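Inspection log for the structure reproduced underneath, given as structure tokens.
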Amino acid sequence: MKKILLSFLLAVPILGYSQSFQVNLQGQKQTAMGGAGTGVALDEAAVFFNPGAVSFLKKNGVQAGISPLYLKTAFRENGSNITEYNKDKIATPVMGYAVFGSPANRLRFGIGIYTPFGGAMHWKEDWTGKYTVTSLDLQAIYIQPTLSLKITDNIGIGGGLVYSLGKVDLRRAVPITKPNGEASTAKLKGDAKDFGWNAGIYVQTVSGVSIGVTHRSQITAKVKNGDAIFDVPDALKATMPTKFNAELPLPATTSIGLGFYPSDKTTIAVDVNWVHWNKYKELAFDYDNNARIPDTKSPRNYHDAAAFRVGIQNQTTNRLALRAGIAYAMTPVGKGYVTPEVPDADRLLLSAGLGFKASERFLIDLSFLYENVKARNETNIETGLSGEFKTAAYIPGISFSYKW
Amino acid sequence: MKSNFIYKSIFAVAILGMASCKPELKDITLTKGSADFSRYIAVGNSLTSGYADNGLFLEGQKNSYPGMIAEQMKAVGGGSFSTPFFKDTEADGSGHLVLKGFDAKGLPQIAAQADHLAVRPESGAVTLFTKYTGDLNNYGVPGIKLLHITVPQYGNLNGFYERLLPGNAPGNTTPYLDFVTAKPYTFFSMWLGNNDILGYASSGGANPADQPTPKATFTALYNMAADKMTANQAKGVVATIPDVLGTPYFNTVTLASILATVQATAPTVTAIYIRTGAGVSRAATAQDYFVLPLLSAGVIGVPTGGIPYGLHPLNPIESRWVLDKDEAAIVADYTTAYNNTIKSVAAAKGLALVDAYALLKDYGAGKDVNGVRVSAAFITGNIFSLDGIHLTPMGYSIVANEFIKSINAKYGSSIPIVDVTKYRGVKFP
């Protein structure tokens, strides 16, 4: 068994991905291929991966999928002998795509719904870092109607308008002691609706290699009049804020991808993503009442970061396709800025999956992604929280597609 | 066959994944180093006893820094640790302060909590407390000065010490230093000396019976104490004394805050008058300190003898409310001298040293601890209790960690630190 495992790991490139609160689970085929897919016209998920490739899809189709994300983080305060873990909490990023229009035509239409940013980090209510965060639920669902035009037989361009539906629920303890000796708590909850875009170009070269370049714009999620719910001692109730405003940049991503086709049955995809994280300078909360709780500006100072992805697909039989991939994502979080809601570090991703053609029209795709986030010992410059984080994530996924 | 191989491989990955579901951090090795923590004793004053909110009471005792250290020592061979707890039915102990709320001006309303006292009939003018019998590791006695540790009759003068002794006042003759060293121990902490200057400072220098212990006396006694504590080869840790002028007790009421209050109703007032320790009546300056009890005394501006109190040179704020510039200089001078003694004795005896003076200056100036902003601000600063001098459980936990770090550094041990966020600051109603 060990031998099989080893040979599997060595022989087959695997893949997956993610950075900070960016989620890269937009298509099961691509997830199984290390998250690569910018330079290939694999399926309807091209609406996300490269709108320019949509017009090259040989069939129309609709697909829906889900990737339940299980993430486990260990934390040990420096000097302590106690290791704490986040709670088991499964995040469920969903994805759905449809592509219409006659495959014979140059112009095709698509629509995509996907979750490019999110997180569900829940620590115990009395953990060491409770005054920094006890839980964060973050989700940005993008809805993207798309046009894709084949300019020539070998060049396609495409673009889509993105409507983002954002949701945030951040909780933490507040260092004000209640009469029962426990800490006060704060819950910040809000919604944001914002616009952005996604555009790409796809080229099939004479050498047989396909090339894709895409750019997904930044969307700044603006929470206006979010609910600030402070559970504090009665003597301080009147001095507490009830509303807040905040902004969170969901960064732009520029990608370049290549597709290689060593045989009729084999596709190799290689992607490089450049995520423009440098716009995430600070996380600021502007409260409606500052009598006791000042507005906060927490420095983040992220820097741009790249991810490298390689994936392979082999149409092993008429019905079965096997996929695997590997990726490496650099962290955008600099020294001193690691926070427990997103304990980020450089990470290695390994993925595998398979596609099963139940009939000419109906397909099932499965993927499994393992993310190994490097251990990181940090002292946060804002909160003073000092210790070591180590994270691993396990993400199975499934999607169903129907083609015509 | 080929697909069978691949299915097996996927299965293998899944098994591997599940087996390593919980990410593991590198193992840490715990060691006692060159020290032996099997019987740790804590020698000291109110800070060591867990005194807070102007009293010694059960909750404070349960959050004493020696208790926290002893609990952590258990990971490296530490033995049991007994604190002379008050009974649950006498949990208010000597009585203590509680925060009741804030008045319209935002001033804290602080009241005494004395429902379940542990008080015995007095002996002379000395308040006595219910006797404690049983094992003792925390020997902290509120109020004790270094000056007192060799005084045979001290057990008749301090109810907190009398409580620990088998005999009743006024018949006690055991000096404190003899009492704490009577039973063998392997490790000690000694944090003494604070009260040798605190009493002088907190009474505004106005109490003739509470003057600073002479520096030479302090040095002699400290050396003697260290000799005696280490006579049985025990290892230990000592601590310097914090800067009392950096506590909320001396920084909550200021010239500026008094002027602001007065000017709210009398805008023409521009000076506040004080009587100095030398008996001079003069305008207060920013270099003079006012004591915390003045905050709720309600005396400023109230006419006595027809003259508004504190607003005229003929009716200045009394010396007991004020630590004037010259008195403050005396406090600073003695504190520095005492601390120099403590540091040199620690070095000479090879003891671990906690620089509590530097520690509380650092945290008092404002510091973020695991997401908690702590400072020397009264009530909101999280580390000083309602009396403005003693610490909150959170404050004591920060002190405990500093002791642990010093011990570990000196003796190569790895006593784990406590989680500061498990301890409270000032309780709000």
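The values are calculated or read from the model by the stated rules, or taken from the named source; none is laboratory data. Computed from a prediction, not measured in an experiment: that's the story for all the values here. So basically every Cβ, Gly included, is an ideal-geometry build from the backbone, and we count neighbours across all protein chains shown.
Just one of (1) farther than 12 Å from A:Leu170 by Cα; (2) free of Cβ contacts under 8 Å to residues at least 60 places away in the same chain; (3) touching a strand residue (DSSP E or B) at 6+ places or on another chain (Cβ under 9 Å) fails for A:Met95. It is (2).
Is it the case that the range B:117-134 has a residue that's modelled with pLDDT of 95 or more, buried (at least 22 other Cβ atoms within 10 Å of the Cβ) and touching a strand residue (DSSP E or B) at 6+ places or on another chain (Cβ under 8 Å)? Looking for residues that are modelled with pLDDT of 95 or more, buried (at least 22 other Cβ atoms within 10 Å of the Cβ) and touching a strand residue (DSSP E or B) at 6+ places or on another chain (Cβ under 8 Å), one finds at least one in the range B:117-134, hence yes. Within the range A:165-195, being surrounded by fewer than 21 Cβ atoms within 10 Å (Cβ to Cβ), more than 14 Å from chain B (Cβ to nearest Cβ) and either closer than 21 Å to A:Val54 by Cα or over 19 Å from the mean Cα position of the chain (by Cα) (or both) holds for A:Lys187, A:Lys189. Exactly one residue out of B:Ala70, B:Ala42, B:Ala35 is assigned to a helix (DSSP H, G or I) and either away from chain A (no Cβ under 14 Å) or closer than 30 Å to B:Tyr185 by Cα (or both): that is B:Ala70. For the range A:44-83, the set of residues classified as of a type in the set (D, E, K, R), at pLDDT 95 or above and either over 21 Å from A:Arg347 (Cα atoms) or buried (at least 24 other Cβ atoms within 10 Å of the Cβ) (or both) consists of A:Glu44, A:Glu77, listed by residue number.
You will find that of A:Phe244, A:Phe230, the residue that is of a type in the set (A, V, I, L, M, F, W, C), within 14 Å of another protein chain (Cβ to nearest Cβ) and part of a strand (DSSP E or B) is A:Phe230 and no other.
Is it the case, given these coordinates, that B:Ile144 is under 25 Å from B:Ala239 (Cα atoms), in a helix (DSSP H, G or I), touching a residue at least 24 places away in the same chain (Cβ under 8 Å) and not assigned by TED's automatic domain parsing to the domain that holds B:Ile274? No, not satisfied.
Apart from one condition, A:Asn225 fits all of (1) within 14 Å of another protein chain (Cβ to nearest Cβ); (2) part of a strand (DSSP E or B); (3) polar (S, T, N, Q); the exception is (1). When the residues of the range A:117-164 are filtered to those that are closer than 30 Å to A:Arg76 by Cβ, hydrophobic (A, V, I, L, M, F, W, C) and not in a loop (DSSP other than H, G, I, E, B), the one that is farthest from the other protein chains (Cβ to nearest Cβ) is A:Phe117.
Of all residues in the range B:73-90, those that are surrounded by fewer than 23 Cβ atoms within 10 Å (Cβ to Cβ) and either in a helix (DSSP H, G or I) or not assigned by TED's automatic domain parsing to the domain that holds B:Gly44 (or both) total 6. In this structure, is B:Gly381 under 16 Å from B:Tyr249 (Cβ atoms) and modelled with pLDDT of 95 or more? Yes, satisfied.
Take the conditions (1) within 30 Å of A:Gly39 (Cα to Cα); (2) modelled with pLDDT of 95 or more; (3) not in a strand (DSSP E or B); A:Tyr97 misses just one of them, which is (3). Being closer than 20 Å to A:Gly257 by Cβ, within 14 Å of chain B (Cβ to nearest Cβ) and assigned to a loop (DSSP other than H, G, I, E, B), is that true of even one residue in the range A:303-315? Yes, the range A:303-315 contains at least one residue that is closer than 20 Å to A:Gly257 by Cβ, within 14 Å of chain B (Cβ to nearest Cβ) and assigned to a loop (DSSP other than H, G, I, E, B).
Within the range A:319-332, being of a type in the set (Lys, Arg) and buried (at least 21 other Cβ atoms within 10 Å of the Cβ) holds for one residue alone: A:Arg323. Here the range B:295-319 is the region considered, the condition is being surrounded by fewer than 17 Cβ atoms within 10 Å (Cβ to Cβ) and within 28 Å of the chain's Cα centre (by Cα), and the residue that is nearest to B:Ser203 (Cα to Cα) is B:Glu318. With respect to A:Tyr97, determine if the residue is of a type in the set (Phe, Trp, Tyr), touching an Asp or Glu at 6+ places or on another chain (Cβ under 7 Å) and away from every other protein chain (no Cβ under 14 Å). For A:Tyr97, the condition - of a type in the set (Phe, Trp, Tyr), touching an Asp or Glu at 6+ places or on another chain (Cβ under 7 Å) and away from every other protein chain (no Cβ under 14 Å) - is met.
When you check A:Lys89 against the structure, is it among the basic types (Lys, Arg) and either farther than 30 Å from A:Ile201 by Cα or within 14 Å of chain B (Cβ to nearest Cβ) (or both), yes or no? Against the criterion (among the basic types (Lys, Arg) and either farther than 30 Å from A:Ile201 by Cα or within 14 Å of chain B (Cβ to nearest Cβ) (or both)), A:Lys89 qualifies. Residues that are within 14 Å of chain B (Cβ to nearest Cβ) and β-branched (Val, Ile, Thr) are absent from the range A:275-288 altogether.
Identify, please: which residue in the range A:301-318 is surrounded by fewer than 24 Cβ atoms within 10 Å (Cβ to Cβ) and small (Gly, Ala, Ser) and is, among those, nearest to A:Ala269 (Cα to Cα)? Checked the range A:301-318; the qualifying residue nearest to A:Ala269 (Cα to Cα) is A:Ala306.
Looking for something in a loop (DSSP other than H, G, I, E, B) and closer than 23 Å to A:Leu71 by Cβ - is there at least one such residue anywhere in the range A:280-288? Looking through the range A:280-288, at least one residue is in a loop (DSSP other than H, G, I, E, B) and closer than 23 Å to A:Leu71 by Cβ. Determine whether B:Ala377 is more than 28 Å from A:Val338 (Cα to Cα), within 13 Å of chain A (Cβ to nearest Cβ) and either touching a strand residue (DSSP E or B) at 6+ places or on another chain (Cβ under 8 Å) or surrounded by fewer than 24 Cβ atoms within 10 Å (Cβ to Cβ) (or both). Yes, satisfied.
Residues in the range A:333-366 that are crowded, with 23+ Cβ neighbours inside 10 Å, polar (S, T, N, Q) and farther than 20 Å from A:Leu136 by Cβ: A:Ser351 only. Residues that are more than 8 Å from chain A (Cβ to nearest Cβ) and within 14 Å of the chain's Cα centre (by Cα) do not occur anywhere in the range B:407-418. Every residue in the range A:44-67 that is in a loop (DSSP other than H, G, I, E, B) and within 23 Å of A:Gly196 (Cα to Cα), please. Result: A:Glu44, A:Ala45, A:Asn50. State whether one or more residues within the range A:333-349 are touching a residue at least 40 places away in the same chain (Cβ under 8 Å), farther than 23 Å from A:Asn81 by Cα and at the interface with another protein chain (Cβ under 9 Å from one of its Cβ atoms). For the range A:333-349, residues touching a residue at least 40 places away in the same chain (Cβ under 8 Å), farther than 23 Å from A:Asn81 by Cα and at the interface with another protein chain (Cβ under 9 Å from one of its Cβ atoms): absent. Does at least one position in the range A:202-215 carry a residue that is modelled with pLDDT of 95 or more, crowded, with 21+ Cβ neighbours inside 10 Å and under 30 Å from A:Asn289 (Cβ atoms)? Taking every residue of the range A:202-215 in turn, none turns out to be modelled with pLDDT of 95 or more, crowded, with 21+ Cβ neighbours inside 10 Å and under 30 Å from A:Asn289 (Cβ atoms).
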